[in-house]
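**Q** Can you read through this structure? Questions will come right after.
The values are calculated or read from the model by the stated rules, or taken from the named source; none is laboratory data. Keep in mind the model is a prediction, meaning the values are calculated, not measured. Cβ sites come from the backbone with ideal geometry, for glycine too, and all protein chains shown count toward neighbours. Accessible surface is based on the protein model in full, side chains and every heavy atom, while ligands, DNA and RNA are left aside. Shrake-Rupley method; radii C 1.70, N 1.55, O 1.52, S 1.80 Å.
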Amino acid sequence: MTTERLRRIADPAPAAVTPVLADPAPVVVKVRRRLIPFLFLLYIVAYLDRINVGFAALQMNASLGFSSTVYGLAAGVFFLSYTLFEIPSNVMLAGIGARLWIARIMISWGVVSSAMMFVRTAPAFYTLRFLLGAAEAGFFPGIIFYLTLWFPGPERARTVAAFMTAVLMAGVIGGPLSGALLSLHGAGGLAGWQWLFLLEGLPAVILGVVVLRVLDERPRDAAWLTERERDALVACLQQDDERRRFESTGRALRNRRTWLIAIIHLVIPVTLYGIGFWMPQMLKTSSGASDFVVGLLSAIPYAAGAIAMVVAGRHSDRTGERRWHFFVPAAVCGSALVASTLSSGAVWTVATLTVAMAGLASMFGPFWALATSEVAGVGAAASIALINSVGNTGGFFGPYLLGAISDATHSFAAGLFVIAGILVVGGALALRVRDGV
């Protein structure tokens, strides 16, 4: 079915001029195999540097005397600067080009992430988290915009899902890795949490340099495609662009549909980072296990989420439906979070958080396929950045809410109920957005 839909985009009518390579589907597969593994690696490093503070907190909070509220605020303040600089960064990317701008983003955030090892006070903690958000601003929406330059609409949910499984794989890899790095406590005179920030920040700097050498801007620049393949893919993308509107930055930012989608997007970061930043401490509380075992346990929900994300993205592309593919997983995730409060046992906590993460991850691909289905060009870059920046304010509120409520009630239960409610509301709003392919 996907092949037929792609063929109709490339050659919509018998009277149209048929490209030398009439069926672009094999080219799309080739492009996916070339680009997604590398972008996947970049996003693993990005997400790991964003959430590794959750594992560092297992040692850092006690060592530096940080309360749950201080930690939750610092974890979330990242998203304030990230949101502030998101739209300017993505507009710059559209003008300068993905290769140079993504390299700049990665190198700068890698330096700041490693500098987190020097934190000693709460103000320094807040400042570096704020700078980290400013440095990384534009990376994710920049990649989403970049994918629209290479993949037509009918292939976008599964492509975005394949790329975004890096979020879950970062959890699978990052848990055991962070637990192991924490065990270096005392080596070279550094605490384990300092080793964690230092060694997990350096790969971003290295990969930023690699981006300059390996990332192509557009299909026309891809020497690894034959001329026939480039022509077929470009024709397919041009037909796809004709179905979307090319808008100016200002007009795209005033679009009511874009703002509705941006508000709906809030529920994903609220949940993702609320769970992500606090999961190590939830598992530590329920299991009483060592930091390394907590890291292993935390990998289980992320692994389930990675599988669910790919399956849901493929099903959404196959059916062409987006809204219900967002609402149903939101309801599943919210129900699992509520269920997680019914018992404090380690097995129950891991099981319910696994179901919750699978539901949450299933929302990603269909959401971004819906979000990128209407606008093209620089307007698309601006609208994607707006959606991501507004949505990522949820990355501030999620961790902060759980931290503040935990301090007030000495339990995670009330905070999880709040997040579950937010999920259901966001899922219901998604049903009001018109589907796009």
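**Q** List the residues, sorted by chain then number, that are 5 or more residues from His185 or on another chain and whose placed amide H is less than 5 Å from its amide H.
**A** For His185, whose amide H was placed from the backbone, the distant partners under 5 Å are Gly192.
**Q** Also: Taking a probe of 1.4 angstrom, what is the accessible area of Thr121 in Å², to the nearest 10?
**A** In the full protein context, Thr121 sits at about 70 Å².
**Q** Let me ask something else. Let me spell out the model: positive unit charges on the Cβ of Lys and Arg, negative unit charges on the Cβ of Asp and Glu, origin at the Cα centre of the chain. What dipole size does that give, in debye rounded to 20?
**A** 520 debye
**Q** Suppose the chain between Trp224 and Phe417 were pulled fully straight at 0.36 nm per residue; how much longer would it get relative to their current alpha carbon spacing?
**A** Difference between extended and current length: 64.5 nm.
**Q** Looking at the chain, do any whole DSSP H helices span at least 30 angstrom along their long axis by alpha carbon and average 0.0 or above on Kyte-Doolittle, and which?
**A** Membrane-span-like by this criterion, though nothing is claimed about a membrane: 25-51, 68-96, 156-182, 192-214, 291-319.
**Q** Dipole of the chain (Lys/Arg Cβ +1, Asp/Glu Cβ -1, origin at the Cα centre): which of Val160, Gly179, Leu237 lies farthest to the positive side?
**A** Highest projection toward the positive end goes to Leu237.
**Q** Same structure, new question: Along the Cα-to-Cβ line of Trp348, 7 Å from the Cα, sits a label point; which residues in the range 273-317 have backbone N less than 18 Å from it?
**A** 282-289
**Q** How much area per residue is accessible in the range 165-302 when the probe is 1.4 Å and only protein heavy atoms are counted (Å²)?
**A** Heavy-atom accessible area per residue stands at 42 Å².
**Q** Sticking with this structure for a sec: Using a 1.4 angstrom probe on heavy atoms only, work out the carbon and sulfur share of the accessible area of the chain in %.
**A** 67 percent
**Q** Using a ≥ b ≥ c from the Cα gyration tensor of the range 169-220 (square roots of the eigenvalues), is it rounded, prolate or oblate, where a/c under 1.5 gives rounded and otherwise the larger of a/b and b/c decides, a/b for prolate?
**A** It comes out oblate by the Cα gyration axes.
**Q** Rounded to the nearest 0.05, what FRET efficiency is calculated for Arg213 and Lys30 with R0 set to 25 Å and r the Cβ-Cβ distance?
**A** 0.80
**Q** Further question: Residue separation times 0.36 nm, minus the C-alpha to C-alpha distance between Ser63 and Ile173: what's the value?
**A** Separation in residues times 0.36 nm, less the Cα-Cα distance, equals 37.1 nm.
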